[in-house]
Amino acid sequence: MIRRNPLTILNADWLTTPQTKAIVAALEAAKPDSMRFVGGCVRNTLMGRAVDDIDIATRLEPKDTMKALEAAGIRAVPTGIEHGTVTGIVDHVPFEITSLRRDVETDGRRAVVAFTQDWAEDAQRRDFRLNALYAAPDGEVFDPVGGGLEDAASGRVIFIGDGDQRLREDYLRILRFFRFNAWYGAEMDADGLAACERQKDGLAKIARERIWKEFKKLLGATDPTASIEAMAKSGVLDVILPEHHGVDALHDLRVTEQLSGVGADSMLRLMALMPRSALAVQQTGENLRLSNDEIDRLTMWAADNLPEIVGMRGQELRATLYWHGRQAVVDRAMLSSANVRDILAAVNAWRRPEFPIRGDDALKAGFKGPEIGKALSRVGRVWVDSDFMLERDALLEALVQTQD
């Protein structure tokens, strides 16, 4: 039976936008009392947090959802129709609409589902009680499994029913448990944590890209240290990041972030968890299936020829910025000291100068093939050593001299 909470009414702007009203009208025209808002939009509104997207649960089956949207002139995209999900787009605003479901079969990675008309049955297959809150178009909140409203009020992340069973249905929920605790949790649920420890080996079944996507969100929380510590103590961190070297550097980074006023950076926090070496970069890139840009950033940070940044001033800092780039210098500085305000201010004020000569100049000077790049590199070092003060004529003269 759906638990009604007549005194709990959402008061949110997103409920009354023209786009939301258009979606509601389309679904309700097809079948009255056929839809509820669900999940993050309800949870975050109750917790006083920003709402990034709006998810809807519906008693319509996917093909009927498509028909209802199209009949109302709303663009309908079958983004996950085999699992019941259709995205309706109104004035460029997307709404993810998913038919009520129950699990028929699960293997820890994906589920075979059947559609249902039962709101409570749909709620039971979700992960945490605070994510199984539904709201009617008028804002009335429903808590089918019970405890969701209390969890949202207190910031507790508690599995629906048996935690081990929820995890065996989808092992990625282990990381979701830690992520939601990092973002919302006031006190980590001991039973949930114990279930994550028991089921941690199931993460081997999950695609590494999905693990990194979830872990990256966790690292982006304002302060993820308590969750990361719990992951380390439970052995979960060993499973997803076996090359990690503990959380001490993450504690130090958090102090630096606070002192310097720098916000959350998931990649920087990942660096804090791993050794600064080419081998660790290779292992992490493979284990988490990082993008090429992410691997490049780790590589630049870990480079042996990048000197320690703390204490650098003036010409030395400008030269290091030129050769290694702004991001690598900032990353190394942030992970080297708790007081980097002056360095960050200097980095932010720096503008990369443009090297005054080009390959055509070397060609005119008589250089050919690979010698062109080598000559430009030699003159470039001269220019940087002059603190970028040498002008074009002097550099052209230096270029000619390198030919002798």
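The values are calculated or read from the model by the stated rules, or taken from the named source; none is laboratory data. Just so we're clear, the structure is a prediction, and the values are computed from it rather than from any experiment. Cβ: placed from backbone, ideal geometry, glycine included. Neighbour counts: every protein chain shown.
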Condition set among the basic types (Lys, Arg) and assigned to a helix (DSSP H, G or I), scope the range 328-380, selection nearest to residue 309 (Cα to Cα): answer is 332
Contacts under 6 angstrom Cβ, first residue in the range 15-37 being over 10 Å from residue 136 (Cβ atoms) and hydrophobic (A, V, I, L, M, F, W, C), partner modelled with pLDDT of 95 or more and part of a helix (DSSP H, G or I), 6 or more apart = 26/68; 26/69; 27/68; 30/68
Quick one: residue 298 ticks every box in (1) buried (at least 16 other Cβ atoms within 10 Å of the Cβ); (2) touching a residue at least 40 places away in the same chain (Cβ under 8 Å); (3) out of contact with any Phe, Trp or Tyr (no Cβ under 7 Å at 6 or more places or on another chain) except a single one, so which number is it?
-> (2)
If we keep only residues of the range 23-42 that are charged (D, E, K, R) and modelled with pLDDT under 95, then the residue surrounded by the most Cβ atoms within 10 Å (Cβ to Cβ) is 31
Just a yes or no: is a residue in the range 386-395 closer than 30 Å to residue 254 by Cβ and not in a helix (DSSP H, G or I)?
-> no
Got a sec? Which of 280, 221, 232 is at pLDDT 95 or above, under 22 Å from residue 131 (Cα atoms) and of a type in the set (A, V, I, L, M, F, W, C)?
-> 221
Any residue at all in the range 223-237 that is surrounded by fewer than 17 Cβ atoms within 10 Å (Cβ to Cβ), within 22 Å of residue 193 (Cα to Cα) and of a type in the set (Ser, Thr, Tyr)?
-> yes
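Can you find even one residue in the range 310-318 that is among the polar types (S, T, N, Q) and surrounded by 15 or more Cβ atoms within 10 Å (Cβ to Cβ)? Step through it out loud before you land on a result.
Taking the range 310-318 and keeping what is among the polar types (S, T, N, Q), we get 315.
From what's left, surrounded by 15 or more Cβ atoms within 10 Å (Cβ to Cβ): none.
Taking every residue of the range 310-318 in turn, none turns out to be among the polar types (S, T, N, Q) and surrounded by 15 or more Cβ atoms within 10 Å (Cβ to Cβ).
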How many residues, within the range 159-171, are surrounded by fewer than 20 Cβ atoms within 10 Å (Cβ to Cβ) and either under 18 Å from residue 238 (Cβ atoms) or of a type in the set (A, V, I, L, M) (or both)?
-> 0
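Conditions tested, residue by residue: (1) more than 24 Å from residue 233 (Cα to Cα); (2) surrounded by 15 or more Cβ atoms within 10 Å (Cβ to Cβ).
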site	(1), (2)
112	yes, no
121	yes, yes
143	yes, yes
179	no, yes
190	no, no
195	no, yes
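Pick from the range 391-404 the residues that are touching a residue at least 12 places away in the same chain (Cβ under 8 Å) and not small (Gly, Ala, Ser): which of them is farthest from residue 314 (Cα to Cα)? Lay out the reasoning, then the answer.
Quick first cut of the range 391-404, residues touching a residue at least 12 places away in the same chain (Cβ under 8 Å) only: 391-392, 395-396, 398-400, 402-403.
Now drop any that are not not small (Gly, Ala, Ser), which leaves 391-392, 395-396, 399-400, 402-403.
On the way: 391: 20, 392: 23, 395: 22, 396: 26, 399: 26, 400: 29, 402: 28, 403: 31 Å.
If we take residues in the range 391-404 being touching a residue at least 12 places away in the same chain (Cβ under 8 Å) and not small (Gly, Ala, Ser), then 403 is farthest from residue 314 (Cα to Cα).
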Return yes when residue 285 is more than 20 Å from residue 303 (Cβ to Cβ) and either of a type in the set (Gly, Ala, Ser) or within 19 Å of the chain's Cα centre (by Cα) (or both) and no when it is not.
-> no
Just wondering, is there one or more residues in the range 59-79 that are under 24 Å from the mean Cα position of the chain (by Cα) and without any contact (Cβ under 8 Å) to a residue 60 or more places away in the chain?
-> yes
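Residue under question is residue 128, and the condition is that it be aromatic (Phe, Trp, Tyr), assigned by TED's automatic domain parsing to the domain that holds residue 21 and closer than 26 Å to residue 35 by Cβ; does it hold? Spell out the reasoning first.
On the way: aromatic (Phe, Trp, Tyr): yes; assigned by TED's automatic domain parsing to the domain that holds residue 21: yes; closer than 26 Å to residue 35 by Cβ: yes.
The answer is yes for residue 128.
Determine which member of the set 277, 291, 337 is touching a residue at least 40 places away in the same chain (Cβ under 8 Å) and assigned by TED's automatic domain parsing to the domain that holds residue 262.
Exactly one of 277, 291, 337 is touching a residue at least 40 places away in the same chain (Cβ under 8 Å) and assigned by TED's automatic domain parsing to the domain that holds residue 262, namely 337.
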Please specify each residue of the range 38-58 satisfying the condition of being free of Cβ contacts under 8 Å to residues at least 24 places away in the same chain and among the small types (Gly, Ala, Ser).
-> 48, 50
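Is it true that residue 100 is buried (at least 20 other Cβ atoms within 10 Å of the Cβ), hydrophobic (A, V, I, L, M, F, W, C) and more than 30 Å from the chain's Cα centre (by Cα)? Steps first, please.
On the way: buried (at least 20 other Cβ atoms within 10 Å of the Cβ): yes; hydrophobic (A, V, I, L, M, F, W, C): yes; more than 30 Å from the chain's Cα centre (by Cα): no.
Considered against the rule, which asks whether it is buried (at least 20 other Cβ atoms within 10 Å of the Cβ), hydrophobic (A, V, I, L, M, F, W, C) and more than 30 Å from the chain's Cα centre (by Cα), residue 100 comes out as no.
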Residue hits (the range 197-213; among the charged types (D, E, K, R) and crowded, with 20+ Cβ neighbours inside 10 Å) are 200
Could you give every pair whose Cβ atoms fall below 8 Å, whose first residue belongs to the range 355-381 and is under 11 Å from residue 399 (Cβ atoms) and not assigned by TED's automatic domain parsing to the domain that holds residue 319, and whose second residue is modelled with pLDDT under 90 and of a type outside the set (A, V, I, L, M, F, W, C), counting only separations of at least 6 or pairs across chains?
-> 365/403; 366/403; 367/403; 375/402; 375/403; 378/402; 379/402
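Does residue 310 satisfy being in a loop (DSSP other than H, G, I, E, B) and closer than 27 Å to residue 245 by Cβ?
Numbers: in a loop (DSSP other than H, G, I, E, B): yes; closer than 27 Å to residue 245 by Cβ: yes.
In short, yes.
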